[in-house]
Every structure is written in C-alpha cells, then in structure tokens.
1. Scan the stretch 260-288 for residues that are among the charged types (D, E, K, R) and in a helix (DSSP H, G or I) and jot them down.
2. Among (1) open to solvent by 20 Å² or more (accessible area, probe 1.4 Å); (2) touching a Ser or Thr at 6+ places or on another chain (Cβ under 9 Å), there is one condition residue 54 misses while meeting the rest; what is its number?
3. Just to be sure before I move on: is residue 199 in contact (Cβ under 8 Å) with a residue 24 or more places away in the chain and either touching a helix residue (DSSP H, G or I) at 6+ places or on another chain (Cβ under 6 Å) or open to solvent by 10 Å² or more (accessible area, probe 1.4 Å) (or both) in the structure I sent?
4. Which residue out of 337, 344 is open to solvent by less than 60 Å² (accessible area, probe 1.4 Å), within 22 Å of residue 216 (Cα to Cα) and not assigned by TED's automatic domain parsing to the domain that holds residue 157?
5. Need a quick list: strands (runs of 3 or more DSSP E) entirely within the stretch 115-184 having at least 3 residues that are under 25 Å from residue 231 (Cα atoms), at pLDDT 95 or above and under 19 Å from the mean Cα position of the chain (by Cα).
6. Could you identify the single residue in 344, 307 that is more than 27 Å from residue 126 (Cβ to Cβ), basic (Lys, Arg), over 22 Å from the mean Cα position of the chain (by Cα) and in a helix (DSSP H, G or I)?
7. What number of residues within the stretch 77-97 are away from the ligand (no atom under 16 Å from the Cβ) and buried (at least 20 other Cβ atoms within 10 Å of the Cβ)?
8. Which of the residues spanning the stretch 289-303 are open to solvent by 10 Å² or more (accessible area, probe 1.4 Å) and either under 15 Å from residue 345 (Cα atoms) or assigned to a strand (DSSP E or B) (or both)?
Amino acid sequence: MTYERLNIQRSTGYQPGEQPDDPSVVKLNTNENPYPPADAVMAALRSFPADRLRRYPSPRAEAFRRTAGKMHGLEPANVIATNGGDELLRLVITTFVEPGKPIGAAEPSYSLYPVLAEIHDSPFVSIPLEDDWSLPADFATQLNRTRASLAFVVNPHAPSGRLTPVDQLAKIADTFSGVLVVDEAYVDFVDPNLAHDAVQLVRQFDNVLLLRTLSKGYSLAGLRFAYGLGTPGLIQPMLEKTKDSYNTDTLAQALATAALESRTAAAKTWQAVRAERARLTAELTARGFQIPPSQSNFILARPTGKRPDAGDLYQMLKGKGVFVRYFDQDRLRDKLRITIGSPRENDALLTAIDSHD
Ligand SMILES: *Cc1c(COP(=O)(O)O)cnc(C)c1O
C-alpha cells in the first residue's frame, strides 16, 4: 500500500552528486569552491554566542536583507533569504504557479527544475538550447506558446558555463508573460571585465527574480544560505505567506551576513578560480578535450580521439580518487562536467588523465 500522491509515486527524485566521506578524494564533482570561507566568517563562527540559539531567529533575516540590499543598491524589500537556493526554487513554484500549469526551462540545465515541477504536479516544458548552448532567439515566444507561468534560466549556464548577456535576458523578460527566474548560482565567477550585472533587470522588470547563493562563490555550501532579488511584488508573497516562518537559522544568518560584508575576501577566491579555469581549459584542450568557454567554476569537457568515452573516463578517474560529474542524458553523456579545483587538485586530475594514456 502506498500513500503517496500519484505524481510523487511517478517521481524518481533529484540525484545529488556524490558526497564521499573520504577526505583524500579530489572532489571536482559538485562545484564547491576549493578555498575556505573568508576569515571574517570563521571569526563570526568562533565568537558566536551559543545563548543566541535559545531564541528563535529573525523570521525574515532582517540584518542579512539590509546587508544584501545595500550591497546590490536595492532595498531590503527587494530581498528574501532562503535555506539554500534550492528552497527559493521551490518557493517560486509554490507562490507563482497554479498546480497543473506548465513550468519552462531551456534544456539541458539544472536537473532539480523538472523534479520540482513534478512535485508541484506541473508539466515541465523543456526548450532545447542551440548547439553552442545559447538560448534560442525565440525562447520567450516559445514559452508564451506553452502558457508557462514561470521559467528558469541558469546564467552562467550549467553545465556548459556559457554566459547569456544581460540585454538578451532583458528582451526575454520583456516578451515573456510569466515570472522569469534567472538562476545566478555561479555569477560570482564571471570575468569582471565583462561588467555583467543582471541586478539592473530587477529595477526594470516586475517579472524578473534573481537567485544568488552563498554555496559556490562564498565557500558555504554546507551552511545552506541563498537569497532572491526582485520587486516587492515578487518578494513579499514569498516572505509573508509561502516560506516557512523560520526558514533560515540564527547561526546561518550571522555567518551569511559576515560573508557578504567580507565580499572582497571571497572575490580573491573567484579570481583564483578564474585563473585555474583558464589553465585547466588550456591543459585539457592540449590533450584533445573539446571545451566551450566557461564563465563559471566548472567546465564541460568532451574527450575526443583515442580516449575512452566520457562514461568510462568518469569511472577510471573515480577509481583513482578523482571525482567529476557524469550525466547519462541526451547531449551530455559524451562529456564530463569538471569543477575547477585548487591548483593541486587540478594537477591531480591531469595526472590521473595522463596516467591512462
Ligand atoms: C548550486 C546551485 C543552486 C543552489 O544551490 P544551493 O546550495 O541550494 O544554494 C541553484 N542552481 C544551480 C544551477 C546550482 O548549481
């Protein structure tokens, strides 16, 4: 006897990347930052008064929202703090999509989106990306035709790392009749010379919601802290009606606030990741891998020539204690998604690949 709803029975759930216990594993599979959180975050952790845990947290993370608002040149009313970006993705669906109404996304992308649609009992409309991973020119028109009331665009794109420029996002937001969630989980790693800044979309459009997370850029994946940026019309219903009353805890709020306040320290790790991204891309390209340009903290590498195919290479690397991500799905099963690690970790990957030649 099962008591699950039919859509839950059908669902296979999200398959997270492996989180091995063994600390000697070279872990290049779930896009964590290879560097530790900022000193100021560690100091805030060490000096955190345990007695504060006796009381409930600030229900709406007021101090954090003030800090985030200021950092982005927005008001606290434009900010919602969530228990990781994944909670925000679930909240936008709960808040803005009638169950049964379609949810759209360009595919392939973050494999959690269709799972969340399934939980909501909404059809998931996937619109294929072009061969170079760019969004189709008529993306918004296609979305409107499906009557989707919400769409996800991950930018920089996962798993390719391709960056869609802000003016193109603006055109999509202008044409699309639903809520456009721009998932900026990896935006911290974009080359600052590109002057990419999607926050202006929040000021221009009442249907754009940006997702930011501290998991990747701020080396805090274990803390579970993220935030959304949007007009009060998007933020308020989530803040006041649909989120759990105490969705982020006191310790996480304190550390997340310290992390944003020490953004310049985190930015040094972003620069280091970019330098290693360039080096690893060059080293792998020289070994015959095909890699599209990435503005993220991972690359999507396709082995060519006499190399074993991607699935075998994934297994071989795993056997040598180097974990990367393999997606056994259309357009991805001939590629590996490799997180940019520290110089030593990236060298370990190259050594493992070379030892196989
Ligand atoms: C990591 C990630 C998120 C959010 O992750 P959290 O750890 O829940 O903040 C959102 N979208 C994409 C595409 C991601 O890779």
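The values are calculated or read from the model by the stated rules, or taken from the named source; none is laboratory data. Predicted model only: the values in this text are computed from it and were never measured. FYI the Cβ positions are ideal-geometry reconstructions off the backbone, even for glycines, and counts take in every protein chain you see. Accessible surface is based on the protein model in full, side chains and every heavy atom, while ligands, DNA and RNA are left aside. Shrake-Rupley method; radii C 1.70, N 1.55, O 1.52, S 1.80 Å.
1. To start, the set of residues in the stretch 260-288 that are among the charged types (D, E, K, R) comprises 261, 263, 268, 274, 276-277, 279, 283, 287.
If the condition is that a residue be among the charged types (D, E, K, R) and in a helix (DSSP H, G or I), then 261, 263, 268, 274, 276, 277, 279, 283 are the ones that fit.
2. (2)
3. On the way: in contact (Cβ under 8 Å) with a residue 24 or more places away in the chain: yes; either touching a helix residue (DSSP H, G or I) at 6+ places or on another chain (Cβ under 6 Å) or open to solvent by 10 Å² or more (accessible area, probe 1.4 Å) (or both): no.
The answer is no for residue 199.
4. Numbers: 344 fails: open to solvent by less than 60 Å² (accessible area, probe 1.4 Å).
Just one listed residue meets the conditions, 337.
5. Numbers: elements: 124-128, 150-154, 179-183.
Fully inside the stretch 115-184 and qualifying: 150-154, 179-183.
6. Numbers: 307 fails: in a helix (DSSP H, G or I).
Just a single option satisfies the conditions, and that option is 344.
7. Result for the stretch 77-97: 3.
8. Filtering the stretch 289-303 down to residues open to solvent by 10 Å² or more (accessible area, probe 1.4 Å) leaves 290-295, 302-303.
Result: 290, 302.
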